[in-house]
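Peer 1: To start, I am sharing the structure in question, which I have written as structure tokens.
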Amino acid sequence: MGTMGLALPWKARISSTPRERGTRVEPSEHFGGSTSPAAADALSEDAALAAACRSGDLRAYERLYAMHGARMKNLARNLLGGTLTVRDAGGGRWNNASGSIEVTGAAGNVSVNDNNGSVQVSDVKGTLEVRSRFGSVTTRGIQGAVTITGGNGAVTLTDAASANITTSFGNVEARNIRGDLLVHDNNGNVEISGTGGAGVKGSSAAGGSVTIRDSFGNIEMDTISGALDAETSNGKIVVRDARGSVTLKSSSGAIEASNVPKGIRAITGNGGITLTDIGGDTFAKTSFGSVLTERISGNLTIENSNGSVTAKNVRGDAGVKTSFAEVTLESIGGRITVDNQNGAISVTAMRPASGCRDISLKTSFSSIRARIPEGLGYNVTARTSFGRISSELPVTSTGSIGGDTLNGTIGSGGCQLQLTDSNGSIEIAKAP
């Protein structure tokens, strides 16, 4: 960017005759307190400089430009709509009505307000507050807390102590946030990324909690050290490596989560749910979408309607409720409860370390197949209509025997094996 200067002959002088219609601010002769020697010297120098300028001394104007030229140019850019650039300054407030703002290297707290241009801020040793209406916001290397309120532009945040971000119609990308992160985005995608020195694509917060609210956008997060609470109205949610408690909600989008040691709650209205390698209790709820879970170390609870359910390798209890779709449970270590309507049920129980675990399966207009390990004792109650009951394991009958009813024991009895069907067959088989 070039500079504009004013060339005058050295002997030229500016007339000191005041205009009749002008306004002049004179220093006040009355002060409500004592003045320090340094302040008195500054006032004296300013008064002498002002007097020299009034007299038309060009050297006074040169001195004025040397002292305040940079600020005057920034003010002019602000008024005319150009870029406002601040470098290696202390803390401060900067505003621009129609242009961009760039702040690099601030020793204190920074506040930036921009109406129609982009904002770029980096290397701030204090806190940062940014308000922007129609431009993008990019920040990097903020040692304090960051608050960003954007209107219609993308937000990119890298390396901050904590962050609170609000925007509309723009994507949000955050990396390496050391503390709490709160994001409200109405119509953009959200990607949280970063940290712990691993250099993983997309990640987040080293220790703080993460809260995200989004509409009509996808959310993708990776390597979250603290608690995570993410919600979107019509977008997909993908989470990998979340070390704290996790709650995910979407109205109409799919949910995918993996490697969550402390358990998860995943709820969506009309999307599928896929959960793998979950270390604690797991809850999944959807409608008109399938649910797939693998390697669940805690208890598993699934509520679905009009969607299939598949769960494999669950160490704890498994409870499933759905309709009009198939339920398949394999290698379940705890109690098993399935309530289905108009869908088949296939269950395989694992051999527990000791004793046995209750199994209760119920459906209609489809089949039930229960596979249990040999050598365990069960009290069997099986009932159906318009179907048959069969068993690969020996059952000692304790009541009436019929094609659609079976009451008895497997082995010495013990746990409950309750199988209820209507208009479907029931099969008891050996687990592999």
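The values are calculated or read from the model by the stated rules, or taken from the named source; none is laboratory data. Keep in mind that what you see is a predicted model, and the values were worked out from it rather than measured. Methodologically, a virtual Cβ is constructed for each residue, glycine included, from the backbone with ideal geometry; neighbour enumeration extends over all protein chains shown.
Peer 1: Within region 331-356, take every residue that is charged (D, E, K, R) and modelled with pLDDT of 95 or more and give me the one that is nearest to Val314 (Cα to Cα).
Peer 2: The qualifying residue nearest to Val314 (Cα to Cα) is Arg335.
Peer 1: What is the residue count in region 376-432 for residues that are outside any strand (DSSP E or B) and more than 21 Å from Ser323 (Cα to Cα)?
Peer 2: Quick first cut of region 376-432, residues outside any strand (DSSP E or B) only: 376-377, 384-388, 392-395, 398-401, 403-404, 411-414, 421-425, 431-432.
From what's left, more than 21 Å from Ser323 (Cα to Cα): 376-377, 388, 392-395, 398-401, 403-404, 411-414, 431-432.
Total satisfying the criteria: 19.
Peer 1: For region 289-367, please list each of the strands (runs of 3 or more DSSP E) lying entirely inside it that holds at least 2 residues being in contact with a Phe, Trp or Tyr (Cβ under 9 Å, 6 or more places away or on another chain) and more than 17 Å from Leu419 (Cβ to Cβ). Even if it seems obvious, please write down each step before you answer.
Peer 2: Numbers: elements: 291-296, 300-305, 309-314, 318-321, 327-332, 336-339, 345-349, 359-362.
Filter on region 289-367 gives 300-305.
Peer 1: Here are the criteria: (1) of a type in the set (A, V, I, L, M, F, W, C); (2) over 21 Å from Thr167 (Cα atoms); (3) assigned to a loop (DSSP other than H, G, I, E, B). Tell me which single one Phe216 does not satisfy.
Peer 2: (2)
Peer 1: Could you tell me which numbered condition Arg265 fails, if it satisfies all but one of (1) buried (at least 18 other Cβ atoms within 10 Å of the Cβ); (2) not in a loop (DSSP other than H, G, I, E, B)?
Peer 2: Unmet for Arg265, out of (1) buried (at least 18 other Cβ atoms within 10 Å of the Cβ); (2) not in a loop (DSSP other than H, G, I, E, B): (1).
Peer 1: Could you check, for region 182-192, whether at least one of its residues is under 23 Å from Asn113 (Cα atoms), surrounded by 23 or more Cβ atoms within 10 Å (Cβ to Cβ), at pLDDT 85 or above and not acidic (Asp, Glu)?
Peer 2: Yes - at least one qualifying residue is present in region 182-192.
Peer 1: I'm trying to understand the selection: among the residues of region 377-430, which are buried (at least 17 other Cβ atoms within 10 Å of the Cβ), among the aliphatic types (A, V, I, L, M) and farther than 20 Å from Asp339 by Cβ?
Peer 2: Result: Leu393, Val395, Leu406, Ile410.
Peer 1: Keeping to region 332-360, report how many residues are hydroxyl-bearing (Ser, Thr, Tyr) and under 36 Å from the mean Cα position of the chain (by Cα). Full working, then the answer.
Peer 2: Filtering region 332-360 down to residues hydroxyl-bearing (Ser, Thr, Tyr) leaves 337, 346, 348, 354, 360.
So of that shortlist, the ones also under 36 Å from the mean Cα position of the chain (by Cα) come out as 337.
Within region 332-360, residues that are hydroxyl-bearing (Ser, Thr, Tyr) and under 36 Å from the mean Cα position of the chain (by Cα) number 1.
Peer 1: Got a number for residues in region 402-421 being farther than 16 Å from Ile372 by Cα, modelled with pLDDT of 95 or more and not β-branched (Val, Ile, Thr)?
Peer 2: 1
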